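Q: Have a look at the structure that comes next, please.
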Ligand code: ZN
């Protein structure tokens, strides 16, 4: 679907040095990201930078393409502590749950998306060590949303169109992914 940004939301769609998160219709958001193969200072800095940007934007998740980097790295912040996942793969899914989502790359737009309720995700840390997490509910939803970003998929591709609506994100905290 094509998103038509209402005039009052257009200021949120600026991307510049002070607002580095990439917004639609930037083509990088529709490309498939490649696996990270080298671990070291660069990827560590990228991960740290993504955590910082996610927090600064009051987000709960951020994926490489959203900062213009076509590599398979996501950061999520479902609870107390942010988690960085490199080359994440969802290896198991169970159940279904409908919940509202937004996206830092489509600020102001929200709608209901059906996701798996439980997932198991395997990934690497910023140092290249394997990790695995079982997640449910909100955390599982964020991971599914971010992994979709790595394949050029946005929540508006999966949203229940009847629920899609605009709302000023400054009136809501910790919504964007
Ligand atoms: Zn998003």
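Q: Pull up the DSSP beta bridges for the range 1-91 and report the antiparallel fraction as a percent, rounded to 5.
A: Details: 8 of 9 bridges.
Close to 90 percent.
Q: Oh, and also: Let me know the shape class of the range 32-74, please: from the alpha-carbon gyration tensor, a ≥ b ≥ c as square roots of the eigenvalues, rounded when a/c is under 1.5, otherwise prolate if a/b is greater than b/c, or oblate.
A: Details: a/c = 2.73, a/b = 1.43, b/c = 1.91.
Oblate is the answer for the range 32-74, as a/c is 1.5 or above yet b/c matches or exceeds a/b.
Q: Antiparallel DSSP bridges in the range 7-171: what percent, to the nearest 5?
A: Values: 29 of 30 bridges.
Rounded to the nearest five, the antiparallel share is 95 percent.
Q: Report the extension gain between residue 170 and residue 15 in nm, rounded to one decimal, defined as 0.36 nm multiplied by the number of residues separating them, less their alpha carbon distance.
A: This chain segment gains 54.1 nm when fully extended.
Q: Another question, if that's okay. Determine, for 29, 62, the number of other Cβ atoms within 10 Å of each Cβ, and report the residues in order from fewest to most.
A: 29, 62
Q: Against the globular-protein guess of 2.2 N^0.38 Å, express the Cα radius of gyration of the range 3-60 as a ratio, rounded to two decimals.
A: 1.38
Q: Next up: Which FRET efficiency, nearest 0.05, do residue 52 and residue 161 yield, Cβ-Cβ r, R0 41 Å?
A: So, using R0 = 41 Å, E works out to roughly 0.75.
Q: With each run of n ≥ 4 DSSP H residues scored as -39500 (n - 2.57), what mean residue ellipticity at 222 nm is computed for the chain after dividing by its residue count and rounding to the nearest 500 deg cm²/dmol? Write down the numbers at each step before the final one.
A: On the way: 2 runs with 30 residues, N = 177.
Taking each H run of at least 4 residues, the total per residue is -5500 deg cm²/dmol.
Q: Determine the distance separating the Cα centre of the range 6-42 from the Cα centre of the range 130-145; give it in Å without decimals.
A: Answer, in whole Å: 22.
Q: Above 25 angstrom, tally the Cα pairs of the range 7-171 and express them as a % of all pairs, no decimals.
A: Values: 3526 of 13530 pairs.
Value for the range 7-171: 26 percent of Cα pairs lie more than 25 Å apart.
Q: Just to be sure I understand: with springs between alpha-carbon atoms less than 10 Å apart, which residue in 130, 107, 88 has the highest mean-square fluctuation in the Gaussian network model of the chain?
A: Looking only at 130, 107, 88, the largest GNM fluctuation is found for 130.
Rule-based calculations on the coordinates, nothing more; no lab input. The shown structure was predicted, so the numbers you read here are calculated from the model rather than taken from an experiment. All Cβ positions, glycine included, derive from the backbone under ideal geometry; neighbour counts span all protein chains shown.
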